[in-house]
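Q: Below you'll find the structure I mean.
Every number in this text was worked out from the coordinates using simple rules, so none of it is lab data. For clarity, every value in this text was computed on a predicted model and none was experimentally measured. Cβ atoms come from the backbone with ideal geometry, glycine included; neighbour counts cover every protein chain shown.
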C-alpha cells in the first residue's frame, strides 16, 4: 500500500499542541467527577483544525489517555495521528476500566467509575432524543 492509499484509511482531524504549562481541569471534572480527577495527570492542550480546543489527560494507573474538548466532547487518538470524536462513556471506559486489574481500586473508586460511565451514557441518550425528537 502506498502513502496515497494509506491516507484513504485515515479518519479524523489533525491537532497541534498549543500549550503545556497551564492545566485546565474543568473538562475532566465534568467527565469523571471530582473524586477521579486526582487519578489523572494533565498533559497538554491541543487545537484541532476546526478550532476545537482539547485537553489531554493521562490516568496514573492505566496510562491511558482522555482527549476532552472544552465543550464536553471526547475524542480518540487514531493510529494515523488524528482525533476522532467518540462517545464519552467509551472514553471513560477505555481510560479507567482496566484500573482494577492493574493496581486495584477501592469500592468508592469503582462506584465513581460506574457513576461517570452512567452519567455520560445518560447525557448521550438525552442529546440523541433531543436531536431526533419529532414535534
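Q: Hey, which of the helices (runs of 4 or more DSSP H) in the range 75-135, taking only ones fully inside, have at least 2 residues that are surrounded by 16 or more Cβ atoms within 10 Å (Cβ to Cβ) and touching a strand residue (DSSP E or B) at 6+ places or on another chain (Cβ under 7 Å)?
A: Qualifying helices (runs of 4 or more DSSP H): 88-96.
Q: Sticking with this structure for a sec: Looking at 47, 30, which one is within 15 Å of the chain's Cα centre (by Cα) and part of a strand (DSSP E or B)?
A: Just one listed residue meets the conditions, 47.
Q: Among the numbered criteria (1) over 24 Å from residue 128 (Cα atoms); (2) surrounded by fewer than 18 Cβ atoms within 10 Å (Cβ to Cβ), which one does residue 50 miss?
A: Condition (1) is where residue 50 drops out.
Q: Answer yes if at least one residue in the range 33-41 is outside any helix (DSSP H, G or I), free of Cβ contacts under 8 Å to residues at least 24 places away in the same chain, surrounded by 15 or more Cβ atoms within 10 Å (Cβ to Cβ) and touching a strand residue (DSSP E or B) at 6+ places or on another chain (Cβ under 7 Å), and no otherwise.
A: Within the range 33-41, not a single residue is outside any helix (DSSP H, G or I), free of Cβ contacts under 8 Å to residues at least 24 places away in the same chain, surrounded by 15 or more Cβ atoms within 10 Å (Cβ to Cβ) and touching a strand residue (DSSP E or B) at 6+ places or on another chain (Cβ under 7 Å).
Q: Here is a further query. Which count do you get for residues in the range 53-64 that are out of contact with any helix residue (DSSP H, G or I) (no Cβ under 7 Å at 6 or more places or on another chain) and surrounded by 19 or more Cβ atoms within 10 Å (Cβ to Cβ)?
A: Residues flagged as out of contact with any helix residue (DSSP H, G or I) (no Cβ under 7 Å at 6 or more places or on another chain) and surrounded by 19 or more Cβ atoms within 10 Å (Cβ to Cβ) within the range 53-64 amount to 2.
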